[in-house]
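Below you'll find the structure, written out as structure tokens, and then a few comments.
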Amino acid sequence: MICGMTDALDATHATIDLLKSHASVRKFVPEPVDPTDLQAILDAGRQAATWKAFQSYSIIVVEDPDVLAGIYQCAPQPSVKSCRTFLLFVGDLSRAATAVGMHNEPFHPTGVESLLISAVDAALALQNTVIAAESLGYAGVQIGTIRHKSAEVSALLGLPDYVYPIVGLCLGKPDPSVEPRPTPRLPHDVVVHRDRYQPATAEALRAYDATLSAHFANPDHCWSERMVAQWGVPEVTASTENLRDKQLL
Ligand SMILES: Cc1cc2nc3c(=O)[nH]c(=O)nc-3n(C[C@H](O)[C@H](O)[C@H](O)COP(=O)(O)O)c2cc1C
């Protein structure tokens, strides 16, 4: 083995081990993330790849107790109550509006492609942020239900036109009572397709229902039934309405 190569391999495995040990945490010690650590975490988050280097997202760091209380009103989950540092990832085309205006051209932000660009950019930055935080011994959980109150969140944080909430992130050191435990994922062959797409069978999905129910030691935990709650009903309209308000749909 060439000198230095072992270290490189160890580092590679350390990254993969970190990624594979991911587990959401919803209870934290009652302290915000250390400011120096937070800066490092955010710098790593912002280095994520981004469509045409546009960086069509912003991150709002919420640590003021009054604003945190407002976030909790919008997403009343125990993890939001527990955390002292909350990051909101928003899709952000307001800088694009300014840039296009600098060249005296009309601005056309409306449409699904714009939403995909900003939502994917935000998600990549979010995931980088989570990994960076976990590498420093922090943990967290995303809060997607913030979108159920998009208008209220927008008012609370002063989000202007072309800026819309995508997902929040509770961050902190895990409460000592918590033992993060990775949740089993769908089997490789259900998610990874080789050369041609293969639809999943109901049998494979039933088997995953059983896997998760056993993992949570809860016979009532049914993964496929949770899909019914999401996609067995028409779309909740808060997001759509808010995107129209923001001139993005
Ligand atoms: C976009 C997004 C939104 C989420 N929203 C919530 C949420 O509102 N509340 C919550 O408790 N967990 C939320 N989660 C966390 C998922 O429930 C969690 O990632 C999933 O159950 C898998 O568990 P794991 O992260 O521990 O592997 C969200 C995750 C993502 C990616």
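The values are calculated or read from the model by the stated rules, or taken from the named source; none is laboratory data. Keep in mind that this is a model prediction, so the values were computed, not measured. Here the Cβ is made from the backbone with ideal geometry for all residues, glycine too, and neighbour counts use every protein chain on show. Note: accessible area is taken over every heavy atom of the protein model, side chains too, but ligands, DNA and RNA are not part of it. Shrake-Rupley method; radii C 1.70, N 1.55, O 1.52, S 1.80 Å.
What to note about this one:
- Equivalent-ellipsoid semi-axes of the stretch 181-234, from the Cα gyration tensor, Å, largest first: 21, 16, 9
- Contour excess over end-to-end distance, with Cα ends at Ala151 and Lys52 and 0.36 nm allotted per residue: 32.8 nm
- Surface composition of the stretch 78-227: carbon plus sulfur atoms hold 57% of the accessible area, using a 1.4 angstrom probe and ignoring ligands, DNA and RNA.
- Relative counts (whole %) of C-alpha pair distances in the stretch 134-249, using bins that are 5 Å wide: 2, 9, 12, 13, 14, 16, 17, 13, 5, 1
- At the residue level, Ile60 shows approximately 40 square angstrom of accessible surface with a 1.4 angstrom probe and all protein chains present.
- Positive minus negative residues near Leu249 (Lys, Arg vs Asp, Glu; Cβ under 15 Å): -2
- Inter-label distance, Glu179 to His215: 1.7 nm, where each label sits 7 Å from its Cα along the C-beta direction.
- Expressed in units of 2.2 N^0.38 Å, where N is the residue count, the Cα radius of gyration of the chain is 1.13.
- Largest to smallest principal axis extent of the C-alpha atoms in the stretch 66-161, angstrom: 46, 30, 22
- For Thr110, no residue has an amide H sitting under 5 Å from its own, ignoring neighbours fewer than 5 places away on the same chain, with H placed 1.01 Å from N.
- The 1.4 Å probe gives accessible areas that order His215, His13, His193, largest first, as His13, His193, His215.
- The residue list Cys74, Thr110, His215 was ranked by how far each Cα lies along the charge dipole of the chain toward its positive end, using unit charges on Cβ atoms, and His215 comes out on top.
- Probe 1.4 Å, protein heavy atoms only - accessible area per residue of the chain in square angstrom: 61
- Within the stretch 163-242, the GluC sites (Glu not before Pro) that combine a DSSP coil assignment with at most 12 other C-beta atoms in a 10 angstrom radius are Glu235.
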